[in-house]
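The values are calculated or read from the model by the stated rules, or taken from the named source; none is laboratory data. No experiment lies behind these values; they were computed from the predicted model shown. Please note: Cβ atoms are built from the backbone with ideal geometry, for glycine as well, and neighbour counts cover all protein chains shown. Protein only, heavy atoms only, side chains kept; ligands, DNA and RNA dropped before computing areas. Shrake-Rupley method; radii C 1.70, N 1.55, O 1.52, S 1.80 Å.
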Amino acid sequence: MHIAFLDTNIDRSALAARHASEVDKFRALMDPAAPGWRYVDFRVTEGHFPEALAGFDGVMISGSPASVNDPTPWMARLEAVIREAVAAGVPVFGACLGHQAVAKALGGRVGRNPQGWVLGRIESRIDAPAPWMAGAGPRIALHAAHNEQVLALPPGAQVLGGTETTPYGHLAYGAGVFTTQYHPELTRAFMQDLIGEMTPSLDPAVARAARDSLSGPIGAAQMAGWIAAFFQQARP
């Protein structure tokens, strides 16, 4: 597989410098499930986009502290590329901001979480697994860090699962688009560092709950298998 990786991360802090890049986080996640896949990293926040999607087997869109509602040129262009990919039948996977950007680009609405920050290890339901989600149980635990979410679905969106307060946590659009609000690529070490950096600006109860949540196992490997299976079945 030859994947166009659209890196939406705007964080240039010391925290970001201490950890792997977005494409390397996803490469580490995916290598056990999809060895040999090639990723071309496009820093879309700096205006670097694929000149054409022809020749790519799929598109992956990373997470970011940015908001899909930011009136920036790169965000508008990202939405246009998403629509182009969907129209051309190029498979698209998005996580966190990628999940939200796909929903907004296709006609949905994204806004602030009614419940405030969602941070740490989160268990979400899998209510209606897609065909590529082999072995899906009723729940999956993944890391999360978001204060916005999809509030209204675009036409054609299928809800695969979520939580009571984030009901649109995992979405599909036919067989060609798969997105999740969560972060399968983020390790426990990264989350511990992130929560530590965020703690001064958080409600103490939110920070404490986020730290305490990290002791449980996460389903990153299972999600990586689903992502790999998604691209394989959606391959043009």
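Please determine, by comparing only the residues of segment 52-66 that are within 20 Å of PRO184 (Cβ to Cβ) and in a loop (DSSP other than H, G, I, E, B), which one is most open to solvent (accessible area, probe 1.4 Å). The selected residue is PRO65. The set of residues in segment 191-232 that are outside any helix (DSSP H, G or I) and out of contact with any helix residue (DSSP H, G or I) (no Cβ under 7 Å at 6 or more places or on another chain) comprises LEU202, ASP203, SER215, GLY216, PRO217, ILE218, GLY219.
Quick check on ASP203: is it of a type outside the set (A, V, I, L, M, F, W, C), modelled with pLDDT under 95 and either more than 16 Å from the chain's Cα centre (by Cα) or buried (at least 21 other Cβ atoms within 10 Å of the Cβ) (or both)? Yes. When segment 1-23 is filtered for residues that are touching a Ser or Thr at 6+ places or on another chain (Cβ under 6 Å) and open to solvent by 10 Å² or more (accessible area, probe 1.4 Å), the ones remaining, listed by number, are ASN9, ILE10, GLU22. Within the set PHE42, PHE93, PHE26, PHE49, the sole residue that is in a loop (DSSP other than H, G, I, E, B) and either open to solvent by 60 Å² or more (accessible area, probe 1.4 Å) or at pLDDT 95 or above (or both) turns out to be PHE49. Of the residues making up segment 124-148, just one is of a type in the set (Asp, Glu) and under 24 Å from ALA66 (Cα atoms), namely GLU148. If you go through segment 1-23 and keep only what is aliphatic (A, V, I, L, M) and outside any loop (DSSP other than H, G, I, E, B), you end up with ILE3, ALA4, LEU6, ALA14, LEU15, ALA16, ALA17, VAL23. Tallying residues that are touching a helix residue (DSSP H, G or I) at 6+ places or on another chain (Cβ under 6 Å) and more than 25 Å from GLN232 (Cβ to Cβ) within segment 108-142 yields 5.
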